[in-house]
Every structure is written in structure tokens, then in C-alpha cells.
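Visitor: Here's a structure for you.
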């Protein structure tokens, strides 16, 4: 039974995905029941396992493919951190998406790929070997494409094309890296350190660079970030999926796996590749913020903000020290909670008030108080105002920078905070302090849209306020670091 | 009756019945033969997997006097893939060549030609005698040419003519090589030749046979006949021509270079073969990018995909044969051949459905068809995943095995071709996908029933399943291999 648990968790989204594809467009009830049922079941299974893993248990399932191609699903503390984030946010996003789409056409296709996407993300989280990771990583790429293209208009198709244009060459680089590495070391399992002595340092550096190229595209590291702002043409639930639940997170998670479980922090330092990556991540943090300042569309500003924020995770991983790692891991969760709040709210402004541009936010605060409060709290969290979750991440990343002998990280964090404030505060000012335009309309009588946003906000708030407790993301990240699940 | 003989005789009997019996009965006989042969193929696979390789000495004569048929792992893998494609093409043809919908001549000619083609394929996969193989590929080419010309249109006849010139030239070259071998060694049995003492004309004989088989496989630069022939035939015929026919001559090449005369594999020759494969990948992909008709895109894609198969020669042959990953490369190439067969057949059958609805295969006329026929669109997408080589699919497993061998033996340039070819495939397959998924005018004709749409989807799923459940086929392919493939990684 315990050996099957990883597979069961995967099936909670794979089975609904497959069935949904064959449903008629009109069977709304059955489809919604499948999506919600799978999401609830998955959260329940994960809660059960959280307690077991906190007590030291690990679950493992191996499915042999051809020799050398081992599909290994494994649940350890790190896997669980990511999978519990994506499962919780998936549940929220499913509720939100059902309300968002109502009875629009092509929903069976949408929810089918939506579930497939989450199945792929779950697979990525649970992968115990490089090749399993790659298989699910590519499944994610493919299942996201129809979601980005969902509206099937010119802009969506263009965004979807741009997504593949970035994704496929980078996945070729990733496969190249994996095959190069494994042809020298044999199959790489995350639990056993591969023997890298068979490769000379230059080859190892090249392999590391190929890995970063492969994962960096999904993590939207500059200059591989162009697809992410373009993808805001997709519906709001898809944006939530891209920015918080699945795609960019998968990229960041891949960077973490490669640094800690494939190369090992010590080897990364020895090869001298950690600091260049940290510099690249810092450049992305600043560049994303600068570009966000120039946007006039809410979702586009949020998208550039993601470019900037996801690199916090990469930065934490690249510093390759305990504090940086804890900060990066915690930010994986924090950023997800805050960014999904912001995208939920942006979607509500769009469908309930017809507002997409920043100028349209004037005076919406009093008219849509719940949405606007959530949006404001999410934005303040992104800036890093205590006691929101973003503050905790920044503290740990700063200490991590000092610890790894890179004090300039503090300057990057400070500059980023100022820039975050510069592009988020004007929005809050418009929401609460400016007079609405006379013809403005808008209400928030859509509990299925608002409640997920409120829950996500409470999560982001709780992650910050309760950071010291063992059940917070920070507490869990500390557990991972202390236990040495990551080397 | 031995299962081996069943596989040769059943389709042949079906072909004769389809000609001799009056129209509705003949058709039923052909369909019955298809079902029976498919069953026999699966039985044979089970036999090989669980009981070992059946061997039949025809008329009781042992080589060098007689001819022997053997089913090893490679044979049954190809035979089962052929059966799946044939059965699907047969299901599609029930409607495409229903009395009244197609021309009288096409409706009459399709079934015997198809069954003859099948019989010839099985001969090639089972024979262990160079002359018997010649008979097989000759019969194969004739049936294939007939299928290309079946519509009777002027363009189809021209394409068939061009095909015939290449096919006959190829046969002649192959036959010349066979004659040299017979003159030097007095036997044509593959296993006996493998144990011969080398003779002077061996190199020339191998070169002649290889050139002939390359022409029949449509390897660059002998590929020019393929796109018009495969794109001009009716969809069920194209599925067989593109998915199956090139695999027959490729299988003979595998046997020649790895089983019959591995000692003659010089590094220069192996590199040259792989370079031709590389050129095919690039040229076929660029050709596919330039087309505006979907069937031509799919046909050019076959030129490119055939190129991949030839990368195996320097990776598993010659000096590389001793490397532990060589067996993996060989298996990887067969995985690529199998998954390409299934996926390409699925693609042609899907395109056939769309042409029936839209009346043409121009990309501009296919706009928005995914909405009308989501199942076929999904089948096309799954096939594209296999052809690009993305996980989890048979194409990925093959690609991974070949790439690993390339890195392990230090010949990383071939891995670059593999990776770059995948990107090119993504580029040329993206165009039709984007058109299908765009919002657009809906065509007038009613879409085919869900059951008929399911046929290409099943084929495409099989090509993906080959990757998900790759351990079984991997072990099957190792049966009868002198260099057991158990090493892998």
C-alpha cells in the first residue's frame, strides 16, 4: 500500500484528466465533480503523508522502462513541499476556474489539459531520478500549450507559439545535459550522489550550463523570459497555473534539484558556477522589476513581477548555503501564495468590472472591498512588508548572501524592494485613494471567485505570521535543510 | 501448420480470394484475412516471447540446400507493428473504398494489393536467405507501386512511374550483390555467410546491396520518389507505404550490417551512411517546412525520420560494436522504426478523415478542424509527440537510447543530429497543429463517426504506449540478437 502512494497521488489528477477528455461539453456537473473530487482527494492524501514524512517516512515506487530509463516516484520532504503547494493551489484554482468559465465552450478540453498539467507537475515534484523529472517536465510543456492557446484567437495562438519556441530548444538542451551526464555516470537518482569524477571540470561546467538553460526557460530567467509576459493572453486560471502552481515553479524546482541533488552544493562551489548563476538571477530580479514599471496592463505588470520574484528562488539555490537554501525553498511557497492571490484578483477585476489596465483601477477599492483587500495584501507581501510572507523570504536570502560571501546580494534585495514598491504602490493608491471614473461599474457578487482569493491571501499572511512554527513553509524548509534530504 | 507459414499464406490467400470472388464476398474474404493475419501475428509474438524462436526449414531441406524462415525478436516486433497498421488501414479502407464511394477499379484493386503487400512484408521479416529476401522486396515494391497508382490520376501515375524506376534500379543493384555473394561462397543463407571465410568480392557485394536497399528505403539522395508517391496515394494506402514499406528494406540493412557481414563494416563506410542519414534529416525537414499541403508535409517528414534510422550504423557497428552501449543504439533505432511506423500511419489516416470533410489537404482549408474532429486532432498531436521524440513516447525511448550511445562512444555529433532533428520536426509539425487549432470556418461535410475517428487515435496511442511500457518490447528485441542488448546503460 505505502509503495503505491506516490502513484495514487499522481492518479488523482491523471484519471480525471483522461476521463474529462471524453466528456461531452454539456456534462458540466460530472466534469466539475471529477476535477474537484480529484483535487480534494489529492489534498487529503497529501495531508496524510505530511504527518508520515514529518515522522521520517519516505515512500517510493519504481516503474522500469527500458534499461537506463527508470521511472522513479519518491516522496521525501522536498518533494512534499512542492507537491503540497501545487495540490492546494490546484484545488483553489479549480474552484476559481469553474466559476470563471461558467458554461463557455470547449471546457472538456480545457479541464482535461488542466488536470493533465497538474498531473505533470505532481510527477515533477515526486520524481526521484533525472529521467523521470525530464519525462514529466516535457509532459508539462505539452499539456500547457493547449491551455495558453485556449481562447484560440490571434493573440493566444501567438503566445502559445512563443511558449513552444522557447520551450522546445531548451528542452533539447536539457535532454542533452541529461544524456551527457548519464552516459558517464549511469542513471542519476536524487537519493544517491552520482560519481562525477569521471568527467573533467570543463565538461561538468558545460553540463551545468545546459541544465540551467533547460530549467531556466521555465523559471523565466533573463534572457529566456520572453514567453511569460506574452502568455498573459491566456485566461486568468491559466495565468495562475503558469505563475504560481506549475510552470515557473517546475523550472525553479529543477534548478534546486540540479544544484543540491545532482551536483551537490560543494561541487557547485568547487566548479565556481554558483556565483555566476546568482549574478544571473540578480540581474533577472532587477530587470524584471524595471520592465514591470513600464507596463500599463495589470496582468502584464504581474507577469514581469513573476520574472523578478521567481529568481529569488534561483538566487537562494545558487548561493548554495543553508540560509540561502531555506530562503529559496520558503519563497517557492510564499511566491506561489502571493502571486496566485494577485492573479485571482486581476481575473476578478477583468470579469466583474471589465478592468484590465492599471488606469481602470481608480476607486475600485471601496466598490470591491474583498478583492481589493486581497490584492493589496498580496502586493504588500511582494514588496516584503512584515508580517507578510515575502518579508521572511527576503530576510533569509539576505543572511544567505552574507553567509556565502556575497554581500552584494543585500544591495540587490534592497533595490528590488524599492522597485517592487515603485510598481505596486501606485496600484494600491489608485484602488483606495482616487475617485472612480463616472461610468465605472463593478461588483464582486461571485463568491466562487472571491473565496479562493481570500483563502490564498490568508495562506500568504499565515506563512509570514506563523513563520516560526514548524508547520509553516519556512519551518518545513528548515526541516529539509536540517535533515539533509538535500545535500 | 506452423505460425510462420500462416503469416505468409493467409494474406496471400486473402488476396486471391479478393480477386476471384465477386465483389461483396471478396471484400468480406479480404477483411477476414486481415483479422486472421493480425491474430496470427500476435500468436507468433507470444510464441517468440515465451517459447523461443520458431524455425522452419522449407521442404525439410537445411541450408545451404534449402531456405529457412526464422522469427526472432526483430521479426516479430516488425510483424506485430505491421499487423496493427494493416488492420487500422483496413478499417479505414472499408469506408474509403466502399462500393460507390471510390472508383470501381480502386475499390477492386485495393484489397488484393494490400494483402499482397502484407505477405511480402512478412516474407522479408522472416526470411534468412538473401535470394528469398530479394523475392520479398521485389513483390513488396510491385504491390506498393500498384497502390500508389490506384487512383488512376495522371499525377499518381507519374509518381508511380518515378517510384518504379528507383525501385527497379534498387532491385538490380541488390541482385548484383547477391550474385557476387553466391559466386564467392556458394550459399545465400544469412547465418552461413556470417561464418564464412572472407572473400575479395564481399566488400563490393555489400556496397551494391546497401545502395539498392537505400534506394528502396528512400534514404537521401534516393528520396526524390517518396514525397509525390506517398502524398499522391489514398490515405489508407499512404499509411502503409510510409509507415511500413521503408522498414522492410531497413530491416534487411540491419541484418546485413550487424548479422551477416559485421566484419566488413569499415569506419569510413559507416560514417558515410550516417552522413547520408543526417542529410536526410535536414533535407526532409526543410522540405516539410516548405510545403503547404498536409499530406506532403507528412510525406517529407518520412524522409527525415528515415534519416534517423541510419545514424545507428556508426553507433552500433564497426569499432563501436564492442562498446557496451552499442546494443542500446541498435535497439533504439528499432524503437524509432516501430514508433515511426505507428505514428506515421496514424497521421495519414487522420489526414484522410480531414480530406474527406474539407475536400483538400491544403493547410488553409483545414482551419479549425480540431473543433469538429477533436479525436483525430488529438491523434495527430500524439503522433507529432512521437515524431519529435518527446517523452513519454516510443520515439523518445529510441532517441534516448541512441543519444546515450552517441555520448558514451564519444561520437556526440550524431546526438546533435538527433536533437536538432527533433527541433526541426517540432517546427514543421507545429504549422499544421496551429492551423487545426485556430478558430476558423467549419467545413460543410459531416465528420466521420466516433468509431472511425478512434482508429488513428488507437494507432497514435500505441506509438506512445511503446515508450511508456518500453521494458517489454526491449526484452523482446533482445531475443535472437548475437550481441544481447541487456547492457543498455
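Visitor: Please find, among A:167, A:244, the residue that is under 19 Å from the mean Cα position of the chain (by Cα), within 14 Å of another protein chain (Cβ to nearest Cβ) and buried (at least 24 other Cβ atoms within 10 Å of the Cβ).
Guide: A:167
Visitor: Can I ask one more? Against the conditions (1) crowded, with 24+ Cβ neighbours inside 10 Å; (2) within 14 Å of chain A (Cβ to nearest Cβ); (3) over 24 Å from residue B:469 (Cα atoms), where does residue B:380 fall short? Just the number, please.
Guide: (3)
Visitor: Okay, moving on. Within segment A:147-164, which residues are within 9 Å of chain B (Cβ to nearest Cβ), closer than 23 Å to residue A:116 by Cβ and either touching a strand residue (DSSP E or B) at 6+ places or on another chain (Cβ under 9 Å) or surrounded by fewer than 24 Cβ atoms within 10 Å (Cβ to Cβ) (or both)?
Guide: A:151, A:152, A:153, A:157, A:161, A:164
Visitor: Can you give me the ranges of the helices (runs of 4 or more DSSP H) entirely in segment B:258-344 with at least 2 residues that are within 21 Å of the chain's Cα centre (by Cα) and surrounded by fewer than 21 Cβ atoms within 10 Å (Cβ to Cβ)?
Guide: B:267-290
Visitor: Just for helices (runs of 4 or more DSSP H) wholly inside segment A:298-405: which have at least 3 residues that are in contact with a helix residue (DSSP H, G or I) (Cβ under 8 Å, 6 or more places away or on another chain) and under 30 Å from residue A:266 (Cα atoms)?
Guide: A:298-319, A:322-353, A:389-403
Visitor: Under the condition of being within 8 Å of another protein chain (Cβ to nearest Cβ) and touching a helix residue (DSSP H, G or I) at 6+ places or on another chain (Cβ under 7 Å), which residue from segment B:429-456 is surrounded by the most Cβ atoms within 10 Å (Cβ to Cβ)?
Guide: Once the filter is applied, the top-ranked residue is B:437.
Visitor: Give the residue that is farthest from the chain's Cα centre (by Cα), with candidates limited to residues of segment A:395-433 that are loosely packed, with under 15 Cβ neighbours inside 10 Å and over 30 Å from residue A:279 (Cβ atoms).
Guide: Restricting to residues being loosely packed, with under 15 Cβ neighbours inside 10 Å and over 30 Å from residue A:279 (Cβ atoms), the top hit is A:433.
Visitor: Restricting segment B:352-376 to residues that are touching a residue at least 24 places away in the same chain (Cβ under 8 Å) and at the interface with chain A (Cβ under 10 Å from one of its Cβ atoms), which is farthest from residue A:133 (Cα to Cα)?
Guide: B:368
Visitor: Applying the selection to segment A:37-67, what residues are within 30 Å of residue B:476 (Cα to Cα) and either within 14 Å of another protein chain (Cβ to nearest Cβ) or out of contact with any helix residue (DSSP H, G or I) (no Cβ under 9 Å at 6 or more places or on another chain) (or both)?
Guide: A:62, A:63, A:64, A:65, A:66, A:67
Visitor: Give me a count of the residues in segment B:429-460 that are outside any loop (DSSP other than H, G, I, E, B), touching a residue at least 60 places away in the same chain (Cβ under 8 Å) and more than 24 Å from the chain's Cα centre (by Cα).
Guide: Matching residues across segment B:429-460 total 5.
Visitor: Can you tell me how many residues within segment B:459-468 are out of contact with any helix residue (DSSP H, G or I) (no Cβ under 7 Å at 6 or more places or on another chain) and more than 10 Å from every other protein chain (Cβ to nearest Cβ)?
Guide: So the count comes out to 1.
Visitor: Considering only segment A:186-195, state which residues are buried (at least 18 other Cβ atoms within 10 Å of the Cβ) and either within 13 Å of chain B (Cβ to nearest Cβ) or modelled with pLDDT under 85 (or both).
Guide: The answer is A:187, A:188, A:189, A:194.
Visitor: I want to confirm something. Restricting to segment A:98-122 and keeping residues that are closer than 22 Å to residue A:85 by Cβ and within 14 Å of chain B (Cβ to nearest Cβ), which single residue is farthest from the chain's Cα centre (by Cα)?
Guide: Result: A:111.
Visitor: Let me ask you something else. I'd like the residue in segment B:418-428 that is over 20 Å from the mean Cα position of the chain (by Cα) and surrounded by 24 or more Cβ atoms within 10 Å (Cβ to Cβ) and, out of all such residues, is nearest to the other protein chains (Cβ to nearest Cβ).
Guide: B:426
Visitor: List, please: which pairs have Cβ atoms under 7 Å, are six or more places apart or on different chains, and start with a residue in segment B:469-484 that is away from every other protein chain (no Cβ under 11 Å) and modelled with pLDDT of 80 or more and end with one that is crowded, with 17+ Cβ neighbours inside 10 Å and assigned to a loop (DSSP other than H, G, I, E, B)?
Guide: Note: pairs meeting the criteria are B:479/B:72; B:480/B:72.
Visitor: All but one of (1) surrounded by fewer than 24 Cβ atoms within 10 Å (Cβ to Cβ); (2) more than 9 Å from chain B (Cβ to nearest Cβ); (3) closer than 22 Å to residue A:233 by Cα hold for residue A:77, so report the exception by its number.
Guide: The one condition residue A:77 does not meet is (3).
The values are calculated or read from the model by the stated rules, or taken from the named source; none is laboratory data. Given the structure is predicted, the values throughout are model-derived calculations rather than measurements. Here the Cβ is made from the backbone with ideal geometry for all residues, glycine too, and neighbour counts use every protein chain on show.
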